[in-house]
Amino acid sequence: MSQRELYLGLMSGTSMDGLDVVLVEFEDAQPELLSHQHYPLPDNLQQQLHQLCQPEAEELDLWATADRLFGMFSAQCVTEFLHNINVSPNAIKAIGSHGQTVRHQPDAKPHYTLQLGDPNTIAALTGIPVVADFRRKDIALGGQGAPLVPAFHQAIFSSFDESRVILNLGGIANITWLPGTPAGVTGFDTGPANTLMDRWFKACHPDHADEFDRHGAFAAKGAVLDDVLEKLVADSYFSRPPPKSTGRDDFNLDWLRSHVKNLDSYQPEDIQATLVALTARTVADAISRWLPEPPETIFVAGGGAYNPILMSALKSALPHRGWHATSVLGVSPQHVEAMAFAWLARCYMQRTPGNLPAVTGASRPTVLGGLYLP
């Protein structure tokens, strides 16, 4: 007799635009998305999180306050979400909460990663067990702590009929290689996706209602600056072999200015177009350089899947590939990562390893996260 379980997944990515909440039903091991909602971050919380991402912001009170506030916000979203879909908290087996990454330093000595969003607060305010702090166990075993989603990709997107790449275009771009066999799955962060484009757009449009270049309209007005692009792709991260991961600690406006000394002398829309080209070029180079063979099909997840200018650049950089959104596999691009953390929560409750050492570089597979009871 099949067993049905309900889990919630909470995901706030590098772009820090809001919290995605999903309700996932597992019948045996197979996940099905039942409901979803996106909750924009409150302005004051978003401002604190952005401030904490800057290397000079080391105020302990700010960190502790943001940790609690993000936990309270997450709990509020969960409570509202369950009320709106008429599901009792008692029906939920557990919440998988990724938290908000404010530091990711996999090459520091010792290396570390930090996500905010106190799981004790979420558990206490919702009355639901919370599985959280997924990355640090992998770090403790010598891994990068990221990306963690490839294990989920393997579980639900693998096909014995073809080789696939799952390309996630969040703030950071990462790829999962699914060779069509159980062995050989790998993945890594290729570099920036939306984070540089978003930050540059906001710097050029401080009063704009959008936090990002909707539909790539700003980039479409510009032209790629080949000399600037070559300066950017010369960064050592792009030539480093996997396993590797990165974040907005590395790729931010300070990074952009350090590579392009006379940045303000260019037309802003040309820089935006060049940042689109940077994402497309580094994704294409990573697939060509680090995968054992070209994938037959590339499936795209994340907010970048809805940027037609970026998608056009990617298809030009990697022609002769089949390109699709993950929606053709049954999961909307916007919901893949949140579903992954519902899946990782279930892995914890089942005491099943959730990492892939071939992806993160950890010394062994391990159960990820910790359990926080109401």
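Per-structure values
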{"read-out": "Conditions (1) of a type in the set (S, T, N, Q); (2) touching a strand residue (DSSP E or B) at 6+ places or on another chain (Cβ under 6 Å); (3) outside any strand (DSSP E or B): number failed by residue 86", "value": "(2)"}
{"read-out": "Qualifying residue in segment 135-146 (condition: surrounded by 24 or more Cβ atoms within 10 Å (Cβ to Cβ) and part of a strand (DSSP E or B))", "value": "no"}
{"read-out": "Complete set of residues in segment 173-189 that are within 12 Å of the chain's Cα centre (by Cα) and open to solvent by less than 10 Å² (accessible area, probe 1.4 Å)", "value": "173, 175, 188, 189"}
{"read-out": "Within segment 218-236, tally of residues that are open to solvent by 20 Å² or more (accessible area, probe 1.4 Å), under 18 Å from residue 203 (Cβ atoms) and within 26 Å of the chain's Cα centre (by Cα)", "value": "1"}
{"read-out": "Of all residues in segment 307-333 being closer than 18 Å to residue 159 by Cβ, touching a helix residue (DSSP H, G or I) at 6+ places or on another chain (Cβ under 8 Å) and in a helix (DSSP H, G or I), the one that is least open to solvent (accessible area, probe 1.4 Å)", "value": "326"}
{"read-out": "Scan of segment 68-94 for residues that are surrounded by 15 or more Cβ atoms within 10 Å (Cβ to Cβ), free of Cβ contacts under 8 Å to residues at least 60 places away in the same chain and over 26 Å from the mean Cα position of the chain (by Cα), ordered by number", "value": "89"}
{"read-out": "Sole exception among (1) open to solvent by 40 Å² or more (accessible area, probe 1.4 Å); (2) closer than 20 Å to residue 105 by Cα; (3) of a type in the set (S, T, N, Q) for residue 12, by number", "value": "(1)"}
{"read-out": "Verdict on residue 94 being in a helix (DSSP H, G or I) and modelled with pLDDT of 95 or more", "value": "no"}
{"read-out": "Some residue of segment 151-161 being under 30 Å from residue 273 (Cβ atoms), open to solvent by 10 Å² or more (accessible area, probe 1.4 Å) and out of contact with any Cys (no Cβ under 9 Å at 6 or more places or on another chain)", "value": "no"}
{"read-out": "Segment 15-53 - residue that is under 15 Å from residue 77 (Cα atoms) and part of a loop (DSSP other than H, G, I, E, B) and, of those, most open to solvent (accessible area, probe 1.4 Å)", "value": "17"}
{"read-out": "Test for residue 199: is it under 27 Å from residue 101 (Cα atoms), open to solvent by 10 Å² or more (accessible area, probe 1.4 Å) and in contact with a helix residue (DSSP H, G or I) (Cβ under 8 Å, 6 or more places away or on another chain)", "value": "yes"}
{"read-out": "Evaluation of residue 125 against (1) assigned to a helix (DSSP H, G or I); (2) more than 24 Å from residue 47 (Cβ to Cβ); (3) open to solvent by 80 Å² or more (accessible area, probe 1.4 Å) (one fails), failing number", "value": "(2)"}
{"read-out": "Filter result for residue 6 (open to solvent by 40 Å² or more (accessible area, probe 1.4 Å), in contact with a helix residue (DSSP H, G or I) (Cβ under 7 Å, 6 or more places away or on another chain) and not in a helix (DSSP H, G or I))", "value": "no"}
{"read-out": "Candidate set from segment 179-199 (those that are among the hydrophobic types (A, V, I, L, M, F, W, C) and either free of Cβ contacts under 8 Å to residues at least 60 places away in the same chain or out of contact with any strand residue (DSSP E or B) (no Cβ under 7 Å at 6 or more places or on another chain) (or both)); member that is farthest from residue 282 (Cα to Cα)", "value": "183"}
{"read-out": "Tabulated pairs, segment 239-255, first touching a residue at least 60 places away in the same chain (Cβ under 8 Å), second among the aliphatic types (A, V, I, L, M) and in a loop (DSSP other than H, G, I, E, B), C-beta under 9 angstrom, 6+ apart or interchain", "value": "243/362; 245/146; 246/146; 247/146; 248/16"}
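The values are calculated or read from the model by the stated rules, or taken from the named source; none is laboratory data. Please read all numbers here as calculations on a predicted model, not as lab measurements. Note that we place each Cβ from the backbone using ideal geometry, even for glycine, and neighbour counts take in every protein chain shown. We work out accessible area using only protein heavy atoms, side chains counted, and drop any ligands, DNA or RNA first. Shrake-Rupley method; radii C 1.70, N 1.55, O 1.52, S 1.80 Å.
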